[in-house]
Amino acid sequence: MKIFLAEDNEDNHLVIKSNLRKLNTSVELIWAEDGRVAIDMLENIDSIDLFLIDIEMPNVNGIELTKWIRSQERFADKPIIAVTASVFAEMKKMYLEKGFDNILEKPFSRKELLETIQRSMNIP
């Protein structure tokens with residue numbers, strides 16, 4: 001499984017990378033440190049199974065990045081998880097309206113991360 005992570009905090013990247021090792025499947029994690037870098041990288045990638053997108057990033061934020069991802073035919077139907085500390089009810093509703101499939105609230109546990117990924121990928 002190929003997971004693309006757009007996250008400007010390296011510590012969060014390392015936590016996610018470490019936790020993904022606990023999935024019962026092989027995972028390739030591709031990391032971009034902001035939304036602009038993510039778009040540049042994704043221009044040259046044909047296949048991603050799942051996106052983990054931080055909302056608050058410099059240059060291009062997570063909502064703008066998700067809009068771009070959804071505009072790309074090869075990624076249009078792939079699950080996108082918002083990774084955010086902004087989880088008020090109205091914000092969650094807005095994230096779902098903007099193209100995210102699920103929301104992972106920071107800080108999150110390993111269990112929450114893995115369950116959200118499994119739910120998004122329909123993995124039992």
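Listed by first and then second residue, the pairs with beta-carbon distance under 7 Å, at least 6 apart or on different chains, first residue in the range 1-29 and basic (Lys, Arg), second surrounded by fewer than 17 Cβ atoms within 10 Å (Cβ to Cβ) and assigned to a helix (DSSP H, G or I), are 22/110. Among the residues of the range 8-22, those that are in contact with a strand residue (DSSP E or B) (Cβ under 9 Å, 6 or more places away or on another chain) and surrounded by 16 or more Cβ atoms within 10 Å (Cβ to Cβ) comprise 8, 12, 13, 16, 20.
Residue 92 - would you say it is within 14 Å of the chain's Cα centre (by Cα), of a type in the set (Lys, Arg) and either modelled with pLDDT under 95 or surrounded by fewer than 20 Cβ atoms within 10 Å (Cβ to Cβ) (or both)? Criteria not met by residue 92. Residues being among the polar types (S, T, N, Q), under 17 Å from residue 99 (Cα atoms) and at pLDDT 95 or above: count how many of those fall in the range 39-85. Number satisfying all stated conditions: 4. Annotation: of all residues in the range 39-62 being over 19 Å from residue 28 (Cβ atoms) and more than 11 Å from the chain's Cα centre (by Cα), the one that is surrounded by the fewest Cβ atoms within 10 Å (Cβ to Cβ) is 58. Within the range 98-124, the set of residues being closer than 10 Å to residue 79 by Cα, in contact (Cβ under 8 Å) with a residue 24 or more places away in the chain and outside any loop (DSSP other than H, G, I, E, B) comprises 117, 120, 121.
If a residue must be touching a helix residue (DSSP H, G or I) at 6+ places or on another chain (Cβ under 6 Å), at pLDDT 95 or above and not in a strand (DSSP E or B), how many such residues does the range 1-38 contain? Result for the range 1-38: 3. Within the range 52-84, the set of residues being out of contact with any helix residue (DSSP H, G or I) (no Cβ under 6 Å at 6 or more places or on another chain), of a type outside the set (Val, Ile, Thr) and under 16 Å from residue 13 (Cβ atoms) comprises 52, 56, 58, 62. One residue stands out among those in the range 66-84 that are in contact (Cβ under 8 Å) with a residue 24 or more places away in the chain and part of a loop (DSSP other than H, G, I, E, B): the one that is farthest from residue 22 (Cα to Cα), which is 72.
The values are calculated or read from the model by the stated rules, or taken from the named source; none is laboratory data. Note that the structure is predicted; figures quoted are calculated from it, not measured. All Cβ positions, glycine included, derive from the backbone under ideal geometry; neighbour counts span all protein chains shown.
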